[in-house]
1. Using C-alpha positions alone, give me the convex hull volume of segment 500-606 per residue in cubic angstrom.
2. For residue 367, what charge total do you get from the other residues with a beta carbon under 11 Å from its beta carbon, if Lys and Arg give +1 and Asp and Glu give -1?
3. Report residue 353's accessible area, 1.4 Å probe, all protein chains in place, as a number in Å² to the nearest 10.
4. Please work out the FRET efficiency for the pair residue 205 and residue 359, using the Cβ-Cβ distance as r and a Förster radius of 30 Å; give the result to the nearest 0.05.
5. Using a Förster distance of 51 Å, how high is the FRET efficiency between residue 682 and residue 236, based on the Cβ-Cβ distance and rounded to 0.05?
6. Taking the Cβ of residue 182 as the center, what net charge do the other residues with Cβ under 11 Å away carry, scoring Lys and Arg +1 and Asp and Glu -1?
7. With a 1.4 Å probe and all protein chains kept in place, how much accessible area does residue 601 have, in Å² rounded to the nearest 10?
8. Please report the accessible area of residue 123 (heavy atoms, 1.4 Å probe, ligands and nucleic acids excluded) in Å², nearest 10.
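The values are calculated or read from the model by the stated rules, or taken from the named source; none is laboratory data. Given the structure is predicted, the values throughout are model-derived calculations rather than measurements. A quick note on method: Cβ atoms are made from the backbone with ideal geometry, for glycine too, and the neighbour counts reach across all protein chains shown. The area values use the complete protein model at the heavy-atom level, side chains included, leaving out ligands, DNA and RNA. Shrake-Rupley method; radii C 1.70, N 1.55, O 1.52, S 1.80 Å.
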Amino acid sequence: MHGRPRKAPKPEDEAASSAKAQKLRALQTQFFSFHHNKIYTKEAVELSAKLLEINPESYTAWNYRKLAVEHYLNLPDCNPDSIKSVLDDELRVVENALRQNFKSYGAWHHRKWVLSKGHSSIDNELRLLDKFQKADSRNFHAWNYRRFVAESMKRSEQDELKYTEDMIYTNFSNYSAWHNRSVLLSALFEKKAEGFLLKEKVLLEEYEFIHQAIFTDPDDQSGWFYHLWLLDQTVTTDSPLLASSWPGHGSDVLLVGDRCYNGSAFSPFSALHSDSGLFPIVLSFNQPVGGVNSSTVTVECGFNKNEDLFWKPLSASNSQTARVWVAHLKIPSSDLHSTVEVSVGHSKGIISTRGFEYSHPSMFSFKVHVQPMERDSSQVSVAESISLREENFKVYGTQSEESIIDSSDQLIIKNGHETTASNWRFEALAKEIGCFRELLSLVDCKIGKLTLARLLKAYDAMSYPFANKLVHSEEVLELYSDLMKLDPTHYQFYKDEHSIVLLQKVTSSKESLLQHCFQYKDSVSSAICGPICLRLNNLSLSRMGAFEKLLWVQMLDLSHNELQSIEGLEAMQLLSCLSLRNNKLRSLTALEPLRKLKSLRILDISYNQIGDQSIDTTRYVCSSPLSHSVGSELNRDETVTSDVALINNWEAFYIFKDFNLNQLDIVGNTIADEKFKSVLVKIMPKLKQLDGKLLD
């Protein structure tokens, strides 16, 4: 335990262990007999005490003693003295058990239960805790119990804060004391207690305090975890904010009635096709929120009623909270030129998962222009195929410089809120950055590099969009690259962080974003609407991010990366064409975020690793839709009549049954044999092309 090597047991130790096990089995046999027969005699209760002294982790024995206590307390001749005697006996049993194992969950929980009865004095508890914390000052069970005792005694957070300080000075490596300090300070900040009203003053003092621990022993992780908490307190705003939206404020959106973009005066970035007659409005917040509905968000336009709008959270789980929410307007089929105004948070009700209300009411407006269908859909050739290969693209830059500027402006989502970051936040981060650069000049410390990367990211996040670029992105990318080499055990974590920073860099300015924007060779293809494709291929990405900057994207090329997950992609509600070719997706359930993309028509998942493992071990224990949340909404009647061998293909049915794909490429995956392809055709009757071949 805790890095201590195991030693081979000696013969005498094995003999003692065998004798103990035999005694324990005999006690357990007799105990279970008493328990099952609900026998609560003095002899039976004493036997449970002996059992717990040998094995304090016997949860059944602790529960039995609770039942025995309740039995005694309900006897007709029970009086205050007998109640106190019974409960004092329980406290003694707990103390004896803790001497055997002072990290016993059951023992500490039972002691809480006894004291919560209200018949025992709590005055002795701090002395007991001091005894156990001297034996192991980092015992988090004792610290957790201490919080319970302090609350019961109405002991002030300030007194407890002083106690944690004393314990930390005794041992800087006391992670539990640092954690308790963060719990106490959080409570004091929430109460706005005297001396803690100015959060910045307290945090700056805490930074100085933690430096003593970090600089004393940079390899000890306890202080670093507390520093991470301080950083979160420094940069996180309590109230949620609207980070971005689609459409953006002041934009002109052209809704075309067929998939032919005719190269009109409208930007190709804002031309949108909808064969369902629905128009999405997407709100992206800086943290998960709930309560987004027609009361808290009002949409005013000439062709829809606000109360008819239904706002849906976009998240991987079925939670009613999410960072991104979407509602759909019904668009008339005739010519239309209308202004839409969206007001967010003017009525209370939007609340973050941390319990804070949305307190920054905002409004944005945009214009919608409807271009009715110019040709009969029956004239569209089903043979048209979209391929996101290199030879099918040209750099988006043939227009005049003025046109490029006008188009790229549509990519930048304007944030109407003033920054909530005050000068002290910038100053605190700048000071910490300088401090850890100095530390790294003295010692080569991987956790120091990780902390510096986090500080630089936080500074850039607060500075943007005022600086209009991420000043430290190159340095952060270099730090994560170094960490991948220095600490291969956590390679994937650093790789994921590196990918997110790279995406943030790419999307931080219109100039860098336009370098990845390409024009599809056939700008009037009936298979797509906007001919602009965002190509983020060959970037060695292992994780996606920066979705708030990508809400406008309709064609996305993520081929030749290292993606194992596409979580978050559900936010990109305009996606109609997506290439995930040559990645590391290992299962069909990795595609689950795509189920929420109702506009998706073209999907390339060829040459991944789907089917290499018969079971998706990252999410499931067994391959059954009946045992897990994924697939739990399957309608059994629907699956029986679908003429699909569901027993072996339930994941495919669950993932693809709601898709409205015209074109799918799945070649190069282990799962993609002819039998599986025939299953896909049955699941998706509207599919026109599979692996480049026309379907009948």
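1. Residue-normalised Cα hull volume stands at 94 Å³.
2. -2
3. That residue has around 90 Å² of solvent-accessible surface.
4. Efficiency for this residue pair is about 0.60.
5. Taking R0 as 51 Å, the efficiency between residue 682 and residue 236 is 0.55.
6. Taking every Cβ under 11 Å from that of residue 182, the sum is -1.
7. Accessible area, nearest 10 Å²: 10 Å².
8. Surface accessible to solvent at residue 123 totals approximately 100 Å².
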